[in-house]
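The block underneath contains the structure these notes are about, expressed in structure tokens.
The values are calculated or read from the model by the stated rules, or taken from the named source; none is laboratory data. All figures in this text were calculated on a predicted structure; none of them were measured in a lab. Here the Cβ positions follow ideal geometry from the backbone for every residue, glycine too, while neighbour counts run over all protein chains shown. The protein model used for the area step is the full one, side chains on, heavy atoms only, and it has no ligands, DNA or RNA in it. Shrake-Rupley method; radii C 1.70, N 1.55, O 1.52, S 1.80 Å.
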Amino acid sequence: MTTSEQAADQRQRWVLQFCHGYDGPFLDCARQYAALFADTGYKVCTVYLTGKPSEIVRLGSASDEVIFLDYTSADVRGLKLAAIRDMRRLVATRNFKLCIAHRGKPIYVALLGSTLPVIGVHHAFGDYQRFSRRLFASLFKARLWLLGVSDAVRDDIRASLPGWDASRISTLYNRLDIEAVQAQLHDRDFAREVLKLPAGAWVVGNVGRLHPDKDQATLIRGFAQALPGLPAGSLLAIMGSGRLEKTLKELAAELGIEQQVRFLGQVTNGRRYLRAFDCFALTSDHEPFGMVLVEAMAAGLPLICTDCGGGREVVDGVGELFPLGDTDGLALALQRVARLDGIARAACAARMTQRLQEHFSDQAAFKAFWSLPWPVLMRLRD
């Protein structure tokens, strides 16, 4: 490298994105935040604390550089001193101006391993319930700003950190590359063939871990209650796996609807098959955001969701909401959606398309992020 090239390299401004791992939705989270710096003059280096090197992950991160530290979960328990040393070495190699850190451990490592301003992104409730975490955040408050993936998560953080200026804790919704996601969707007939669902049945879909948090028990009970008012041959299809599978199958049998409830198991790239469903129902007892709702919205499915947490923020105004655990309310919502004619479904789809573009698209997030009145971002804009 020539002297002039070295000088140019030093002038190049970088953003460091630090992620715990890339499992589940977190690879796309990395893509989402890298997209915030497209055409801004900044390059993005995305670092994964855990996880083996992967070319698929490298490409999916949509970053100028991707680094895999390749720690195990056991390696990063406790003080995480090795990771902090790695962070210090890495920061010295580039002209970094900002670190965006997802979840608690990366925030901790980024603050102790650098002097960079840090934007901490929180994807769950309760991250600051422990006193030690509140104390740590307050010690570094001068160079720490916090984002929740929904107003519900933001408000949870604000309640845990009452001494903070509320303006330092804001919301940036998760979002989709809408055109790319829609281009990957399989058509209804192919999706039903793969999932082994009858071509002519009216199908309620659900995607999620079979876990108490997702409360598929309420979904099964509500569906059973709604069945007399649903089209003949209606089915409930649940995509996902987990420790409650046996219990949920026993519940369906107890209610006499084991033939009407299909457990699809874990489906690779499951969101590509969403058009197999006629509507989508989520019955979680709490939901920090509900990315699967946004994906179902992109597939054009009428939505039904528990009226709580971040799910409400996604569905309100474009779908059906019912009280937590209320099987009567869920059953009535299912019957209302089943009665929608073609005109009503088209109007619903139009409202969802508008909401996607205005709130849950990369373009909407870019505008919202760079409009935050934070000094750290104002300096980046200069």
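List of remarks:
- The label point for Ala142 and the one for Thr268, both projected 7 Å from the Cα toward the Cβ, are 5.1 nm apart.
- Ordering of 125-131, 326-332 by packing is 326-332, 125-131, highest average first (other Cβ atoms within 10 Å, averaged per residue).
- Shape of the chain from the C-alpha gyration tensor: prolate (a/c of 1.5 or more and a/b above b/c, with a ≥ b ≥ c the square roots of its eigenvalues).
- FRET E, pair Asp151, Asp326, Förster distance 25 Å, beta-carbon r, rounded to 0.05: 0.65
- Relative to the dominant Cα principal axis of the chain, helix 342-359 is inclined by about 10°.
- Rounded to the nearest 10 Å², the accessible area of Met239 at probe 1.4 Å: 10 Å²
- Rounded if a/c under 1.5, otherwise prolate or oblate - segment 176-358, Cα gyration tensor axes: rounded
- Each residue, Arg381 and Arg13, gets one label point 7 Å from its Cα in the Cβ direction; the gap between the two is 1.2 nm.
- Cross-link reach is defined here as a Cα-Cα straight distance under 17 Å, omitting same-chain residues fewer than 8 places apart; for Lys105 the aspartates and glutamates meeting it are Asp23, Asp70, Asp75, Asp86, Asp127.
- Rel. contact order, % - alpha carbon contacts under 8 angstrom, at least six apart, segment 176-358: 25 percent
- Full-stretch length increase - Asp165, Leu81 - with 0.36 nm per residue and alpha-carbon distance subtracted: 27.2 nm
- Rounded to 0.05, the FRET efficiency of the Ala92 and Thr40 pair, given R0 = 25 Å and the Cβ-Cβ distance, is 0.60.
- Averaged per residue, the chain has 45 square angstrom of accessible surface, using a 1.4 angstrom probe with ligands and nucleic acids left out.
- Across the chain, the mean sequence separation of Cα contacts (distance under 8 Å, 6 or more residues apart), normalised by length, yields a relative contact order of 13 percent.
- For segment 5-86: rounded, prolate or oblate by the Cα gyration tensor [a/c cutoff 1.5]: oblate
- Bins of 5 Å, starting at 0 and running to the largest distance - Cα pair percent for segment 104-227: 2, 8, 14, 14, 12, 11, 10, 10, 8, 7, 4, 1, 0
- For the chain, carbon and sulfur atoms together expose 52% of the accessible surface, with a 1.4 angstrom probe and every protein chain in place.
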